[in-house]
């Protein structure tokens, strides 16, 4: 090592630990990382640190996200996986599939945006409304709890109503029917 500048391993280690992709393409960044790691011979950087340093130095984007999901075991594995991801992204763009959703335009509007108020719902609008009519007999002027229509009249009124809302009449047992059957107790 007579021809290398003094403290070259120290400088290579420092440069590797602060290595960032920046404006370089992925291949150049990977080659630089490989070169710096191979320059450190006396006390080599441990493999997990190599992987983490390479991954954190990548530009934000789908390649970096995928590597952090998979977390490769070696630097070569990380570089290989990054190259595969880059190839996949380029293929997807070539075939017309975007790698990420398009960004919203940052157009500044001068005034307030008009809104369509026909989509606004109030708490009373969620239920079907009966236009103020009784739910039992269908007549207006009273509520179902105050309805005085007898049972046979209710059944015919509900059967004739078109707006039944899926209600069914439960079977009611009348006291007059019980005494006729002889089931008095």
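Rule-based calculations on the coordinates, nothing more; no lab input. Because the structure is predicted, anything quoted here is derived from the model rather than measured. All Cβ positions, glycine included, derive from the backbone under ideal geometry; neighbour counts span all protein chains shown.
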Here the gain from full extension of residue 59 to residue 41, 0.36 nm per residue of separation minus their alpha-carbon distance, amounts to 3.7 nm
What whole-number distance in Å separates the alpha-carbon centres of segment 63-82 and segment 14-48?
14
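What ratio of Cα Rg to 2.2 N^0.38 Å holds for segment 8-94? Walk me through the intermediate numbers first.
Numbers: Rg = 13.0 Å, N = 87, 2.2 N^0.38 = 12.0 Å.
Here the answer is 1.08, to two decimals.
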Could you work out how far apart the two model spin labels at residue 23 and residue 145 are, taking each label as a point 7 Å from the Cα in the direction of the beta carbon, and quote it in nm?
7.6
